[in-house]
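Asks: One structure coming up, written as structure tokens, with questions to follow.
FYI, it's all coordinate maths here, none of it is from the lab. Note that the structure is a prediction, hence the values are computed from the model and not measured. Cβ placement follows ideal geometry from the backbone for every residue including glycine, while neighbour counts extend to all protein chains displayed.
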Amino acid sequence: EEETTANFEPVVQLSDADKIATKTHEEDEDVLFKMRAKLFRFEKEAKEWKERGTGDVRLLKHKQTTKVRLVMRRDKTLKVCANHYVLPSMALSPNVGSDRSWVWSVAADVSDGGEPTAETLAIRFANSDNANQFKAAFESAQQSNSGESEQKVDAPAAEDKKEAAEEKKE
């Protein structure tokens, strides 16, 4: 048998200065909660749960806006499998037959990178203690976001009133 003595070396050597910094858009956010879980989404046409990914689910609070969102990335690929704000209107309910799983509906999940889509999601943890910790953190995030959402709703109405007043002056 022949023994190969092939040696593979990179053609170009990269220094630390040449390496490109990748932005995750999570640099301006603080992690409020982080735990390993498995995420599922409900497929309406097939009427069954489809696995979306396994990884760390995180609740991130933006430093300037103080809005809290739920972000989850798949373990190996780091592809986003959940990305949405935690709204006060979301109802976190226990999954039927499990004390370590929660279900909620999302009006606008942008994890697929495209348009926001309405989804029904379920998340399963290793045990019921972890699931209860998630519920407490989720509800805390809802309370944190409740004050912000009211201001956002009022702001456009105030702008409309200003525009109407300016039109009357003309």
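Asks: Determine the sum of side-chain charges near K63: Lys and Arg each +1, Asp and Glu each -1, restricted to other residues whose C-beta is under 9 angstrom from that of K63.
Replies: -2
Asks: How far apart, in nanometres, would the label points at S128 and S98 be if each is projected 7 angstrom from Cα along the Cα-to-Cβ direction?
Replies: 1.5
Asks: Between H84 and residues 5 or more places away or on another chain, which pairs have amide H atoms under 5 Å apart, with H built 1.01 Å from N, and which residues are they?
Replies: L70
Asks: Say the cut-off is 25 Å between C-alpha atoms; which of K67/K135; K38/K76; K50/K135; K34/K67; K47/K67 go over it?
Replies: From the list (K67/K135; K38/K76; K50/K135; K34/K67; K47/K67), the Cα-Cα distance tops 25 Å for K47/K67.
Asks: Find how much the distance from T120 to E139 grows on full extension, using 0.36 nm per residue of separation minus their present alpha carbon separation; answer in nm with one decimal.
Replies: So the chain would gain 5.1 nm between T120 and E139.
Asks: Local charge sum around K79 (other residues, Cβ-Cβ under 12 Å, Lys/Arg +1, Asp/Glu -1)?
Replies: Residues near K79 contribute +2 overall.
Asks: Any idea how far apart L78 and K44 come out in nm if each label point goes 7 Å out from Cα toward Cβ?
Replies: 3.4
Asks: Multiply the residue separation of L32 and V110 by 0.36 nm, subtract the distance between their alpha-carbon atoms, and state the gained length in nm to one decimal.
Replies: Stretched out fully, the L32 to V110 stretch lengthens by 26.0 nm.
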